[in-house]
Each structure stands twice: as structure tokens, then as C-alpha cells.
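Take a look at the structure set out below.
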Amino acid sequence: MLDFKQYYNELFENPNNIDWTVKTNSLWRGEFLIGDKEYVIKAMKSPGMPWEVKFQLMLDGKPTEKITGTGDSFLVFSTVISGLKQWISEIDPKIFMLSSYEDNRTSLYSRMLPNYLLPKSIYNIELFNGSFLIKKKKR
């Protein structure tokens, strides 16, 4: 029988591919499909501000952050984690924000981010007004 961490590691082992359509010093934008649903993941950097990262479901050609109950939440989250890992490994941001938008996501992110993306030994994660402020620790 798998323990909790092994179970979640298996869930996150097979993310869908992300098609990165933009990769610049101030914007990364990627698209991915889960079934027939299209999602967008973006990391944006405005001068003097931390990076802002979000992912959205496209509904009728418009992005939404609302929880829609489309299913496959583990595959969506697995793919988002994979995209964030790619972005972090190439950009190496010192500080960024990740919005959770909904209480359910805030709870999920609080549990999953430190275990699967942002080790506590490397990052400080603070919850601030529905967003996570993530700072890389100085070494």
C-alpha cells in the first residue's frame, strides 16, 4: 500500500505537455489541454514588481480562474506544477506571487506547493490576501 507522499508522487508523474507560446524575460505563456478543455499558464513580470503566476481555464474564448468542476483536477494541477518547474528552472525568480482565487485552491496549494514544487529549505511561502508570496531564501 502506498503512503500519502508516494500516492501523490504517482499522481503527479504524468502531466500533460505544455505548448509554450511565449518565453521572454517578462512573460511566459503556455497552453495545455486536459480532455477537451484548454488551459493557459502565465508568468508575468512588470518593472519593479514580483513575477505574477496564474493559470486559467478558457471558457468561450475567455480566461476564468473560477473553479468550474470540469474534473481531472489532479491532472490539471500536475501539469501546472510541471510548467512552474520548467519556468523556475529557466528564470530562477527570486520572488513571485501565485494567486489561488478560491478557498479550496488556497488549501490545496498550502499542502502541495512545499511538498512538490517549493521546498521549505529553499523558499519562504507566505499567504497574503488570497495569493502566495514566494521568496527564494538567500544562501
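Residue-wise test of (1) modelled with pLDDT of 75 or more; (2) under 12 Å from the mean Cα position of the chain (by Cα); (3) charged (D, E, K, R); (4) farther than 16 Å from residue 41 by Cβ.
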| position | (1), (2), (3), (4) |
| --- | --- |
| 72 | yes, no, yes, no |
| 81 | yes, yes, no, no |
| 101 | no, no, no, no |
| 123 | yes, no, no, yes |
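Evaluation of residue 80 against the conditions (1) farther than 14 Å from residue 29 by Cα; (2) in a helix (DSSP H, G or I) shows that the sole unmet condition is (1). Considering the stretch 70-101, and only residues there that are surrounded by 19 or more Cβ atoms within 10 Å (Cβ to Cβ) and among the aromatic types (Phe, Trp, Tyr), the residue that is nearest to residue 13 (Cα to Cα) turns out to be 77.
Number of residues in the stretch 103-136 that are of a type outside the set (A, V, I, L, M, F, W, C), surrounded by 14 or more Cβ atoms within 10 Å (Cβ to Cβ) and not in a helix (DSSP H, G or I) equals 4.
Restricting the search to strands (runs of 3 or more DSSP E) fully inside the stretch 20-64 and requiring at least 3 residues that are of a type outside the set (S, T, N, Q) and either within 25 Å of residue 95 (Cβ to Cβ) or open to solvent by less than 40 Å² (accessible area, probe 1.4 Å) (or both) gives 27-34, 37-44, 51-59.
The values are calculated or read from the model by the stated rules, or taken from the named source; none is laboratory data. Quick caveat, the model's predicted, so the values are computed rather than measured. A quick note on method: Cβ atoms are made from the backbone with ideal geometry, for glycine too, and the neighbour counts reach across all protein chains shown. These area figures cover heavy atoms from the full protein model, side chains too; ligands, DNA and RNA do not enter into them. Shrake-Rupley method; radii C 1.70, N 1.55, O 1.52, S 1.80 Å.
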